[in-house]
1. Could you tell me which residue of region 122-135 is farthest from ligand 1 (Cβ to nearest atom), considering only residues that are in contact (Cβ under 8 Å) with a residue 60 or more places away in the chain and within 19 Å of R149 (Cα to Cα)?
2. Would you mind listing the helices (runs of 4 or more DSSP H) fully within region 1-100 where at least 1 residues are modelled with pLDDT under 90?
3. Please work out which residue is nearest to ligand 2 (Cβ to nearest atom), limiting yourself to region 17-30 and to residues that are in contact (Cβ under 8 Å) with a residue 24 or more places away in the chain and over 11 Å from the mean Cα position of the chain (by Cα).
4. How many residues are of a type outside the set (A, V, I, L, M, F, W, C) and either crowded, with 16+ Cβ neighbours inside 10 Å or closer than 22 Å to A22 by Cβ (or both) when one looks only at region 106-133?
5. Taking only pairs six or more apart or across chains, which ones have beta-carbon atoms under 9 Å, a first residue in region 68-80 that is over 10 Å from G17 (Cβ atoms), and a second residue that is surrounded by 11 or more Cβ atoms within 10 Å (Cβ to Cβ) and among the acidic types (D, E)?
Amino acid sequence: MKDCNQCGKCCIKYGNGGLSAAASEVEYWETFRPNIYDYVGGSAGGNLNGTLSGADSGEKIWISPDTGKQLERCPWLRQVPNQDKTNLDKSSRIQYTCDIYYDRPDDCKHYPVTIEQMVADKCEMIEVRDLDNPQQAQLTLDKLMVESRPSLS
Ligand code: SF4
Ligand code: SF4
């Protein structure tokens, strides 16, 4: 299991309507981060990490404050040049950062949750040895994520 290289695949995939926020998160944003609260709207049918949080629904994010419609891309996702000059692969010359990193939704803080999810999303933390032994890989992932979410293993 490698460290996250900020490839942005997860944010691009789930930022397009695949995330939701719990009422407590929305209340926090409303009070302390109104610029984030502006992008919340309406009840969502489910959330990415509902099995972890115990929640089966939440508030829809990210909704355009101008049109009231679901945004196709997370408004907080920012593209930056990759600082690793040794990496000459053209597709790796950019990285992504989160403008609201410390106040991002729990759905984002909890990712990645499972090895199956990482494989499906082509998460670049995965290594060949993780595919050979997914149970051990899940243990390793849960240790890596210990400060962000409950363990699955
Ligand atoms: S809020 Fe941040 S971590 Fe979550 S999808 Fe957007 S850019 Fe990614
Ligand atoms: S897909 Fe994986 S490697 Fe890429 S940004 Fe998300 S967690 Fe990091």
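1. Keep residues of region 122-135 that are in contact (Cβ under 8 Å) with a residue 60 or more places away in the chain, which gives 122-127, 130.
Pick out the ones that are also within 19 Å of R149 (Cα to Cα) and you get 123, 125-126.
On the way: C123: 13, M125: 15, I126: 18 Å.
Among those that are in contact (Cβ under 8 Å) with a residue 60 or more places away in the chain and within 19 Å of R149 (Cα to Cα), it is I126.
2. Working: elements: 9-14, 23-32, 34-37, 50-53.
Hits in region 1-100: 50-53.
3. Residues of region 17-30 in contact (Cβ under 8 Å) with a residue 24 or more places away in the chain: 17-23, 25-26, 28-29.
Filter once more, keeping what is over 11 Å from the mean Cα position of the chain (by Cα): 17, 21-23, 25-26, 28-29.
Working: G17: 17, A21: 19, A22: 21, A23: 26, E25: 20, V26: 24, Y28: 23, W29: 22 Å.
Only one residue fits best here, namely G17.
4. Filtering region 106-133 down to residues of a type outside the set (A, V, I, L, M, F, W, C) leaves 106-107, 109-112, 114, 116-117, 121-122, 124, 127, 129-130, 132-133.
So of that shortlist, the ones also either crowded, with 16+ Cβ neighbours inside 10 Å or closer than 22 Å to A22 by Cβ (or both) come out as 106-107, 109-112, 114, 117, 121, 124, 130.
Total satisfying the criteria: 11.
5. Listed pairs, sorted by first residue: P75/D99; W76/D99; L77/D99; R78/D99.
Yes or no, residue by residue, for (1) farther than 30 Å from I63 by Cβ; (2) under 14 Å from the mean Cα position of the chain (by Cα); (3) not in a loop (DSSP other than H, G, I, E, B):
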{"site": "K109", "(1), (2), (3)": "no, yes, yes"}
{"site": "V113", "(1), (2), (3)": "no, yes, no"}
{"site": "Q117", "(1), (2), (3)": "no, yes, yes"}
{"site": "E124", "(1), (2), (3)": "no, yes, no"}
{"site": "R129", "(1), (2), (3)": "yes, no, yes"}
{"site": "Q135", "(1), (2), (3)": "yes, no, yes"}
{"site": "L139", "(1), (2), (3)": "yes, no, yes"}
{"site": "K143", "(1), (2), (3)": "yes, no, yes"}
{"site": "E147", "(1), (2), (3)": "no, no, no"}
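The values are calculated or read from the model by the stated rules, or taken from the named source; none is laboratory data. If you're wondering where the values come from, they're calculated on a predicted model, not measured in any experiment. In this analysis, Cβ positions are derived from the backbone assuming ideal geometry, glycine residues included, and neighbour counts consider all displayed protein chains.
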